[in-house]
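K.L.:
Dumping the structure here so I can ask a few things about it.
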Amino acid sequence: MAAETVTIEKLGAKGDGVAQTPAGPVFVPFVLPGERITIARQKSSGAMLALLEPAAERVEPACRHFGPDGKNGTCGGCSLQHLSPEHYHAFKRQVVIDALSAHGFDCPVEPLVTAAPGQRRRATFSARKTEAGIVLGFSSPESHHIVEIEECPVLSPALFSRLPALRLLAGILASESDPFRIAVLETETGLDISFSGLKPPSEKRRQAATRAVMALKGIARLTYEDEIIVEPVRPALNIAGTTVNPQPSGFAQATREAEEVMAGLVATHLKSAKHVADLFSGFGTFALRLAARSKVHAVEFDAKALTALDIAVRNRQGLKTVTSERRDLFRRPLLARELAGFDGAVFDPPRAGAGEQAEELARSKVSKIAAVSCNPATLARDLRFLVDGGYRIERVIPIDQFLWSHHVEAIALLSRAK
């Protein structure tokens, strides 16, 4: 593998630097536009061997585990710690602009709603049992190597401080050396911890883990593959004054701060709506806030999420009527005729987007729509359906809740054109 010298022209959508060569583009992580570097190349991928001319916007990374020289290896959690804040914010906004442009949109995109260190309340760790003990951290990019983390400026301090407890529980539950995952959500009543990908623990290991959880304190629930091992107290999230007890491995926004911003934007846009359809509702991140002034129909495929929403509604006074429906909106989207009774809608689908549902919304007469997405590319595709169906985009707001990664959320607020 011969070394070659290249100049980085731009950042790709995933945060890698892109250099044009006679053999085609090459993608190099942890570099910046304008930098001249020496790389080892394999097909279209390159690894930096030497930084010959650094860019002015290069800054010192915030974490010792970042980049090709990171301690214990290259942590795959972040990809853009080396980029100055101003240029980092511009990059994320540009990702949204480029996605919209690819579908023919030239609408204004507002400045990025930024994230700050220490806000992440949700994370999924990689772990492995070794003769020396448990290795716990994040996997390297394109690798099964687990970088054992000694610091993480992204995670909330409360979550990071419990890594020793996670290692202890992993040592109890894991019986083999194969890698596994630990998903953790920080809730108001303690950590909600879920193990997956390991051999089913024996009854003896489950009992030992139960004793450990009871002794550790601060852990609300421990599950294995969504099966509850021990639950000293129900995990609880406060959604606009309503207590929700999320199901094991239930989806929650990665940061409270981003959730509040997104929910505020949606609620303000739909404030005049009397009856709102909340599509891909989960356990009610938007529904419970919208129900303060509107009737809401929540549609979701995860039955446990709808149960959590139903219990939350029944235990909270002062809300408008909230109904729910279990439905696979990818296979059976709400049809335009079924949307006839709604004057507002919000949809927040998985990364694949809401193509089929967006097509039906485009045929409907719903007055206002809020489109929420963790994938600007599929959001732009869905917006194309809506705009071609007669909707007008009023605002597009990019939102950062995955600090120093290439991921960016976006919200588009639309009204049916008169």
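K.L.:
Simple spin-label model, 7 Å along Cα-to-Cβ: D226 to T323 in nm?
P.N.:
Going by the 7 Å Cα→Cβ label model, 2.6 nm.
K.L.:
In whole percent, and with a 1.4 Å probe on the protein chains, what portion of the accessible area of the chain is carbon and sulfur?
P.N.:
For the chain, the apolar C and S fraction of the accessible surface comes to 52 percent.
K.L.:
Same structure again: For the range 9-65, what is the accessible area per residue in Å² when the probe is 1.4 Å?
P.N.:
Ligands and nucleic acids excluded, the result is 54 Å² per residue.
K.L.:
Using only the C-alpha atoms of the range 163-292, find the volume of their convex hull and express it per residue in Å³.
P.N.:
Cα-based convex hull of the range 163-292, divided per residue, equals 111 Å³.
K.L.:
Right, something else. What are the principal axis extents of the Cα atoms in the range 291-334, in Å, biggest first?
P.N.:
On the principal axes, the range 291-334 reaches 34, 20, 9 Å in Cα extent.
K.L.:
To the nearest Å, what is the center-to-center distance of the range 267-326 and the range 95-109, using C-alpha atoms only?
P.N.:
31
K.L.:
Another one. Once the piece of chain linking E4 and S101 is laid out straight, how much longer is it, given 0.36 nm per residue of separation minus the C-alpha distance between them?
P.N.:
31.6 nm
K.L.:
Which FRET efficiency value, to the nearest 0.05, is calculated for F330 and K304 with the Förster distance at 22 angstrom and r the Cβ-Cβ distance?
P.N.:
Working from the Cβ atoms, E equals 0.75.
K.L.:
So what's the back-of-envelope 222 nm ellipticity for the chain, counting only DSSP H runs of four-plus at -39500 (n - 2.57) apiece and dividing by all residues, rounded to 500?
P.N.:
Calculated mean residue ellipticity at 222 nm is -7000 deg cm²/dmol.
K.L.:
Also: Could you tell me what fraction of 2.2 N^0.38 Å the Cα radius of gyration of the range 1-85 comes to, as a two-decimal ratio?
P.N.:
This ratio for the range 1-85 stands at 1.02.
K.L.:
Which percent, nearest 5, of DSSP beta bridges in the range 137-230 are antiparallel?
P.N.:
Close to 70 percent.
K.L.:
For E338 and E203, compute 0.36 nm times the residue count separating them, minus their Cα-Cα distance, and round to one decimal in nm.
P.N.:
Length difference between fully extended and current span is 43.7 nm.
K.L.:
Find the relative contact order for the range 122-213 and round it to a whole percent, using C-alpha pairs within less than 8 Å whose residues are 6+ positions apart.
P.N.:
It comes to 30 percent, rounded to a whole number.
K.L.:
In addition: Cα-Cα pairs above 15 Å in the range 267-309: how many percent?
P.N.:
Every Cα pair in the range 267-309 considered, those over 15 Å come to 34 percent.
K.L.:
Under a Cβ-Cβ cut-off of 11 Å, what is the net charge of the residues other than V113 that fall near it, where Lys and Arg count +1 and Asp and Glu count -1?
P.N.:
For residues surrounding V113, the net value is -3.
K.L.:
With r defined as the distance between the Cβ atoms of A183 and K71 and R0 fixed at 30 Å, what FRET efficiency is calculated, to the nearest 0.05?
P.N.:
Efficiency, rounded to the nearest 0.05: 0.75.
K.L.:
Shifting gears a bit: How big, on average over all directions, is the shadow cast by the Cα convex hull of the range 336-382, in nm²?
P.N.:
The directionally averaged projection comes out at 2.9 nm².
K.L.:
Hey, another quick one. How much accessible area per residue does the range 265-418 have, in Å², with a 1.4 Å probe?
P.N.:
Per-residue value: 41 Å².
K.L.:
Roughly what would the spin-label model give for E60 and T268, points 7 Å off Cα along C-beta, in nm?
P.N.:
That separation, rounded to one decimal, is 3.8 nm.
K.L.:
Could you work out the pair-distance distribution P(r) of the range 271-374 from its alpha-carbon pairs, with 5 angstrom bin width and percents rounded to whole numbers?
P.N.:
Histogram of Cα-Cα distances, whole percents per bin: 3, 14, 27, 26, 20, 9, 2, 0.
K.L.:
Over the Cα atoms of the range 338-414, Rg to Rh with Kirkwood Rh, two decimal places?
P.N.:
0.98
K.L.:
Tell me which residues come under 5 Å, amide H to amide H, from K71 once H is placed; ignore anything under 5 positions away on its chain.
P.N.:
H65, F66
K.L.:
What translational D, rounded to a whole number of µm²/s, comes out for the range 83-181 from Stokes-Einstein when the hydrodynamic radius is the Kirkwood one over Cα pairs, at 20 °C and 1.002 mPa s?
P.N.:
Diffusion coefficient, whole number: 130 µm²/s.
K.L.:
Let me ask you something else. Please compute the Cα-Cα pair-distance distribution of the range 120-177 with 10 Å bins starting at 0, giving whole percents from short to long.
P.N.:
Taking all Cα pairs of the range 120-177, the binned fractions are 22, 54, 23, 0 percent.
K.L.:
Here is a follow-up. Quick one: what Rg and Dmax do you get for the chain from the alpha carbons, in Å?
P.N.:
Rg, Dmax (Cα atoms, Å): 23.0, 69.
K.L.:
Need one number: nm distance between label points at R314 and R293, each 7 Å from Cα along Cα→Cβ, rounded to one decimal.
P.N.:
2.9
K.L.:
Contour minus end-to-end for R392 and A40, with contour as 0.36 nm per residue of separation and end-to-end as the Cα-Cα distance?
P.N.:
121.9 nm
The values are calculated or read from the model by the stated rules, or taken from the named source; none is laboratory data. For clarity, every value in this text was computed on a predicted model and none was experimentally measured. Glycine also receives a Cβ, built like all others from the backbone with ideal geometry; neighbour counts cover every protein chain displayed. SASA here: full protein model, heavy atoms, side chains in, ligands and nucleic acids out. Shrake-Rupley method; radii C 1.70, N 1.55, O 1.52, S 1.80 Å.
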